[in-house]
Amino acid sequence: MFERIDVPARPGTENRDRHEKRFIHWRRNEMALHHKLTVNKTEQTKKKGTK
């Protein structure tokens, strides 16, 4: 899951793959955060509407 920083990355496709994995992981985190924020906002608006 976590990559070792002390091991130097070999050039070529492997290096790119490691970057892809890191980017995908980061993107998923970003989307999860965004989803949480949007869900919270919609929940709040729903509550306001019922009051």
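Just so you know, all these numbers are worked out from the coordinates, no wet-lab data involved. Bear in mind the structure is a predicted one, so any value in this text is a computation, not a measurement. Because the Cβ atoms are built from the backbone with ideal geometry, glycine has one as well, and the counts that use them run over all protein chains shown.
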Modelled label-to-label distance, R18 and N40, 7 Å Cα→beta-carbon offset: nm? 3.5 nm
Residue-ordered couplings for region 37-42, obtained by feeding phi - 60° into the Karplus form 6.51 cos²θ - 1.76 cosθ + 1.60 and rounding to whole Hz (Gly and Pro as x), are 4, 5, 4, 4, 4, 5
